[in-house]
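The values are calculated or read from the model by the stated rules, or taken from the named source; none is laboratory data. Just so we're clear, the structure is a prediction, and the values are computed from it rather than from any experiment. Note: ideal-geometry Cβ built from the backbone for every residue, glycine included; neighbour counts use all protein chains shown.
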Amino acid sequence: MQVLTLEGIDGQHLWGFLTALGSLSLLDEHARAEMLEAPKLAFKEDGTAVVHSRVVKEQLAATLLARLRRLQPYLEQDLATVKKPGDFMRASYESIAYASRPDTLDFLAGLACVVGDEVSESTLCAANGASHQNLVQSMRDILRLVEDEHVRLALFGIWQKAYRVPDDKRQQLQLGTRKPTLRLDPSDERLYALRLSNPTTTDDFRTELGAQALAIPAFGLLPVVPHKQPVTVASTRHRQRVTFSWPLWNVPATLPTARALLWGGIGRPQVQRERGVFAAFSADRVSGTKGKLSFTPSQGVW
């Protein structure tokens, strides 16, 4: 097994953790397809992600990107009429679910769930239509734009958040004013008063495109739980504020183990520590003016 330190991914932050989780999911798909030993994920004390895999460093970015590409047809064909999870209706959701494969069905469950006649979106969705940002449409845009080098930089480079959509790509893909973001980064919500330019008339958005792409498959591991007020697993809701919490562990964990650690919650520190968890973090999704959603900076819980 190769032991690769992913210097670019910091699991102490929501976006970084979902990028690490998405990367593990893609590596697990690759291992199962190639009949390889299951990959594992762990974190260093400073939050840096470490993967154990049969894939060598030089091939890691290309391998992950190849698995990401397999999700594109589902987003562009089965979900072609969906811009954001709130667009689902019971009939359309069930129709898509019946036609989905097991892996894409998990992804669908991570976008929304149906309770009675009501469809509830993932509480990890902050791109809810405000400011022309729609989660599913953003996923399509990101996968159309991302290339091998973007993934490599997200894995092994310090995130500079320097990617800007080239003008020719924006025109070719008819992006208009859309931004390639899942809005997991608190800095995506930059208020007018704190900016040097008007975001409605300028195109100065920058991001870490590879990290946006690698976070997409993490939704397939985080289904929306059909409570009375549905929330994404590992989340709690208090009025308009939703809190998503996650552990970091230093014992290498396969995908099923990582999922169990995450789904188990962070409410019993002693039990979690006995399973290799050394820290827990949380981030709030908050509602602003005109229903606009954003995530607050992550904070340590214990």
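Can you pull out the residues in segment 1-47 that are assigned to a helix (DSSP H, G or I) and either in contact with a strand residue (DSSP E or B) (Cβ under 6 Å, 6 or more places away or on another chain) or at positive phi (or both)?
Residues of segment 1-47 that are assigned to a helix (DSSP H, G or I), as a first pass: 14-34.
Scanning segment 1-47 gives L14, G16, F17, T19, A20, L24, L27.
Across segment 77-102, what is the number of residues that are farther than 13 Å from L135 by Cβ, of a type outside the set (A, V, I, L, M, F, W, C) and buried (at least 16 other Cβ atoms within 10 Å of the Cβ)?
The initial filter retains those residues of segment 77-102 that are farther than 13 Å from L135 by Cβ, namely 77-78, 80-81, 89-102.
In the following step, the residues that additionally are of a type outside the set (A, V, I, L, M, F, W, C) were identified as 77-78, 81, 90, 92-95, 98, 100-102.
Applying the additional criterion that residues be buried (at least 16 other Cβ atoms within 10 Å of the Cβ) yields 78, 93, 100.
The total comes to 3.
Being of a type in the set (V, I, T), loosely packed, with under 14 Cβ neighbours inside 10 Å and more than 20 Å from E208 (Cα to Cα): is that true of V114 here?
On the way: of a type in the set (V, I, T): yes; loosely packed, with under 14 Cβ neighbours inside 10 Å: no; more than 20 Å from E208 (Cα to Cα): yes.
Considered against the rule, which asks whether it is of a type in the set (V, I, T), loosely packed, with under 14 Cβ neighbours inside 10 Å and more than 20 Å from E208 (Cα to Cα), V114 comes out as no.
Inspect segment 41-62 for any residue being of a type outside the set (A, V, I, L, M), farther than 24 Å from R152 by Cβ and surrounded by fewer than 22 Cβ atoms within 10 Å (Cβ to Cβ) and give the result as yes or no.
Looking for residues that are of a type outside the set (A, V, I, L, M), farther than 24 Å from R152 by Cβ and surrounded by fewer than 22 Cβ atoms within 10 Å (Cβ to Cβ), one finds at least one in segment 41-62, hence yes.
Is it the case that segment 17-33 has a residue that's surrounded by fewer than 18 Cβ atoms within 10 Å (Cβ to Cβ) and among the acidic types (D, E)?
There is no residue in segment 17-33 that is surrounded by fewer than 18 Cβ atoms within 10 Å (Cβ to Cβ) and among the acidic types (D, E).
Just give me the residues in segment 141-191 being outside any loop (DSSP other than H, G, I, E, B), farther than 23 Å from G129 by Cα and aromatic (F, W, Y), in sequence order.
F156
Out of R237, R285, report the one residue that is farther than 22 Å from P217 by Cα and either at pLDDT 95 or above or in contact with a strand residue (DSSP E or B) (Cβ under 9 Å, 6 or more places away or on another chain) (or both). Explain how you work it out, then say what you get.
Working: R285 fails: farther than 22 Å from P217 by Cα.
None of the others qualify; the one that does is R237.
Quick check on segment 185-206. Is at least one of its residues modelled with pLDDT of 95 or more and not charged (D, E, K, R)?
So far as segment 185-206 goes, no, none of its residues is modelled with pLDDT of 95 or more and not charged (D, E, K, R).
Quick check on D188: is it surrounded by 14 or more Cβ atoms within 10 Å (Cβ to Cβ), under 18 Å from the mean Cα position of the chain (by Cα) and free of Cβ contacts under 8 Å to residues at least 40 places away in the same chain? Spell out how you get there, then give the answer.
Numbers: surrounded by 14 or more Cβ atoms within 10 Å (Cβ to Cβ): yes; under 18 Å from the mean Cα position of the chain (by Cα): yes; free of Cβ contacts under 8 Å to residues at least 40 places away in the same chain: no.
For D188, the condition - surrounded by 14 or more Cβ atoms within 10 Å (Cβ to Cβ), under 18 Å from the mean Cα position of the chain (by Cα) and free of Cβ contacts under 8 Å to residues at least 40 places away in the same chain - is not met.
Scan segment 132-146 and report the pairs whose first residue is hydrophobic (A, V, I, L, M, F, W, C) and whose second residue is in a helix (DSSP H, G or I) and crowded, with 22+ Cβ neighbours inside 10 Å, with Cβ atoms within less than 6 Å and a gap of 6+ or a chain change.
Matching pairs, first to second residue: M139/I216; I142/Q212; I142/A213; V146/L209; V146/A213.
So, of the residues in segment 122-173 that are aromatic (F, W, Y) and over 24 Å from L222 (Cβ atoms), which turns out to be surrounded by the most Cβ atoms within 10 Å (Cβ to Cβ)?
Step one: list which residues in segment 122-173 are aromatic (F, W, Y), which gives 156, 159, 163.
Okay, now just the ones that are also over 24 Å from L222 (Cβ atoms), so 156, 163.
Working: F156: 17, Y163: 20.
By that ranking, first place goes to Y163.
Restricting segment 288-302 to residues that are hydrophobic (A, V, I, L, M, F, W, C) and at pLDDT 95 or above, which is surrounded by the most Cβ atoms within 10 Å (Cβ to Cβ)? First the steps, then the outcome.
Looking only at segment 288-302, we keep the residues that are hydrophobic (A, V, I, L, M, F, W, C), and these are 293, 295, 301-302.
This time we only want the ones that are at pLDDT 95 or above, so: 295, 301-302.
Numbers: F295: 24, V301: 15, W302: 12.
Here the answer is F295.
If A213 meets every condition in (1) part of a helix (DSSP H, G or I); (2) loosely packed, with under 14 Cβ neighbours inside 10 Å apart from one, which number is that one?
Condition not satisfied by A213: (2).
Restricted to segment 240-259, and to residues that are of a type in the set (S, T, N, Q) and over 16 Å from F17 (Cβ atoms), which residue is modelled with the highest pLDDT? So that I can check it myself, show each step before the final result.
Restricting attention to segment 240-259, the residues satisfying the condition of being of a type in the set (S, T, N, Q) are 240, 243, 245, 250, 254, 257.
From what is left, the residues that are over 16 Å from F17 (Cβ atoms) are 240, 254.
Numbers: Q240: 76, T254: 98.
So, considering only residues that are of a type in the set (S, T, N, Q) and over 16 Å from F17 (Cβ atoms), the one modelled with the highest pLDDT is T254.
One residue is enough: does segment 48-61 have a residue meeting the conditions assigned to a helix (DSSP H, G or I), within 30 Å of P297 (Cβ to Cβ) and in contact (Cβ under 8 Å) with a residue 40 or more places away in the chain? Please lay out each step first, then the result.
Taking segment 48-61 first, the residues assigned to a helix (DSSP H, G or I) are 57-61.
Still in the list and also within 30 Å of P297 (Cβ to Cβ): 60-61.
Right, trim to in contact (Cβ under 8 Å) with a residue 40 or more places away in the chain and you get 60-61.
Yes: one or more hits.
Cβ-Cβ under 6 Å, sequence separation 6+ or interchain: first residue in segment 20-47 and without any contact (Cβ under 8 Å) to a residue 60 or more places away in the chain and farther than 16 Å from V251 by Cβ, partner among the hydrophobic types (A, V, I, L, M, F, W, C) and surrounded by fewer than 23 Cβ atoms within 10 Å (Cβ to Cβ). Which pairs?
From residues that are without any contact (Cβ under 8 Å) to a residue 60 or more places away in the chain and farther than 16 Å from V251 by Cβ, the pairs are A31/A38.
Residue check: is V225 loosely packed, with under 14 Cβ neighbours inside 10 Å and among the β-branched types (V, I, T)? Quick ask: steps written out before the conclusion?
On the way: loosely packed, with under 14 Cβ neighbours inside 10 Å: no; among the β-branched types (V, I, T): yes.
Spelling it out, it is not the case that V225 is loosely packed, with under 14 Cβ neighbours inside 10 Å and among the β-branched types (V, I, T).
Residues of segment 106-125 being part of a strand (DSSP E or B) and not polar (S, T, N, Q), which ones?
In the first step, residues of segment 106-125 are kept if they are part of a strand (DSSP E or B); the result is 112-115, 118-121.
Listed by number, the residues that qualify are A112, C113, V114, V115, E118, V119, E121.
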